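What follows draws every value from the coordinates through simple rules; no lab data is involved. None of these values were measured; they are calculated from a predicted model. Because the Cβ atoms are built from the backbone with ideal geometry, glycine has one as well, and the counts that use them run over all protein chains shown.
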Amino acid sequence: MKEAAIVQPGSGHDLLSCRDLSVRIDGQDILQRCCLSVGNGELIALIGPNGAGKTTLLRCVAGAMDYSGSLSCSGKDIRAVSPGDRAALIGYLPQNGQIHWPMRVRDVVALGRLPFGKHAQPRNLGKDDPVTRIMRDCGVDHLSRRIANTLSGGERARVLLARAMATQASVLLADEPLASLDPRHQLSTMEALRHYASTGRSVVAVLHDIGMAIRFADRVVVMQNGRIAGTGSGKDLLQCGLLEDVFRVRLEPFFDENGRLASLALGNRS
Ligand code: ADP
Ligand code: MG
């Protein structure tokens, strides 16, 4: 399959737009008037303390939660889009995903192609098939014939990410895709997400590693208490002190000679 051309972040129209997104459950405001625009080619890191509302925001976009406000993808109101069309527009990797069935890994990843008919059939897979390519990108090709519910937590996480990526949806929502991954696979997963976005799609990834967010994301969106507390380049957010305030920690960044974040030391606030 031919790769889409590399797209500069933010060129063109917004792929995803959230306006005044709010969720209220049992009298509690879980999300309060969140606004977010994501352009094609963009990798957005969504960060914030536990309970800030990150998963809730992704679940609203994925159609798994009721909300007030408006959500549109590729200019279409998400509420008006059929479930089949929505699957082509939005891919979703839930937090802590499980695999309950004894299916082969290759078949689990191929489930991501279901909205696209014949490509969903694992027998059709050749070496340039999207499923095969994505399994390679996610470093799970060697697991292809393994039974998915016998995998380690980190292996399972990479297989589920491969399934979400196999949709080739315009917007990929990934809720803590680095959880339970070893350092090498954290890096390769961020590179795979970067590549996914660079082909004219966009990615919103919930991350807890602030350094990874700053190194890889085009923009970092910070949530706190159900609100968007700030949006910008990681460097700007570090410099204005927002990240230290929101996470209530001390952050000491070290930049290389090209101005890129080399490391980020973390300490308690005095
Ligand atoms: P995050 O992903 O940022 O850690 P969540 O979006 O999962 O946070 O949750 C935000 C807040 O909303 C938490 O306090 C959580 O307990 C609450 N919450 C989320 N879903 C529900 C629900 N269905 N019922 C009640 N409270 C919820
Ligand atoms: Mg969460």
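Determine by what factor the alpha-carbon radius of gyration of the chain differs from 2.2 N^0.38 Å, reporting the quotient.
Numbers: Rg = 18.5 Å, N = 270, 2.2 N^0.38 = 18.5 Å.
The chain yields a ratio of 1.00.
With an 8 Å Cα cut-off and a minimum separation of 6 or more residues, compute the relative contact order for the chain in percent.
Details: 543 pairs, mean separation 66.1, N = 270.
Over the chain, the number comes to 24 percent.
How high is the relative contact order of the stretch 127-242? Use alpha-carbon pairs under 8 Å, at least six apart in sequence, and give a whole percent.
On the way: 116 pairs, mean separation 21.3, N = 116.
Computed over the stretch 127-242, the figure is 18 percent.
By count of other Cβ within 10 Å, fewest leading, how are His100, His142 ordered? Can you show the working numbers first?
On the way: His100 7, His142 11.
Going from least to most buried by this count: His100, His142.
Over the chain, with a Gaussian network built from C-alpha contacts below 10 Å, which listed residue (Asn149, Asn50, Asn258) shows the highest mean-square fluctuation?
Of Asn149, Asn50, Asn258, the Gaussian network model singles out Asn258 as fluctuating most.
Suppose only helical runs count, i.e. DSSP H with n ≥ 4. What mean residue ellipticity at 222 nm does that imply for the chain under -39500 (n - 2.57) per run, divided by all residues and rounded to the nearest 500 deg cm²/dmol? Let's see the in-between values first.
On the way: 9 runs with 79 residues, N = 270.
Dividing the helical sum by the residues of the chain leaves -8000 deg cm²/dmol.
Sorted by packing (mean other beta-carbon atoms within 10 Å per residue), highest first, where do 213-226, 84-97, 14-27 land? Numbers along the way, then the final one.
On the way: 213-226: 22.4, 84-97: 17.9, 14-27: 16.1.
In descending order of packing, they fall as 213-226, 84-97, 14-27.
Working out 0.36 nm times the residue gap between Asn96 and Arg260, then minus their Cα-Cα distance, what length gain in nm do you get to one decimal?
Additional length available on full extension: 55.9 nm.
Antiparallel DSSP bridges in the chain: what percent, to the nearest 5?
Values: 27 of 44 bridges.
Bridges in the chain that DSSP calls antiparallel: roughly 60 percent.
Would you calculate the separation in nanometres between label points at Ser82 and His142, each defined as 7 Å from the Cα along the Cα-to-beta-carbon direction?
4.3
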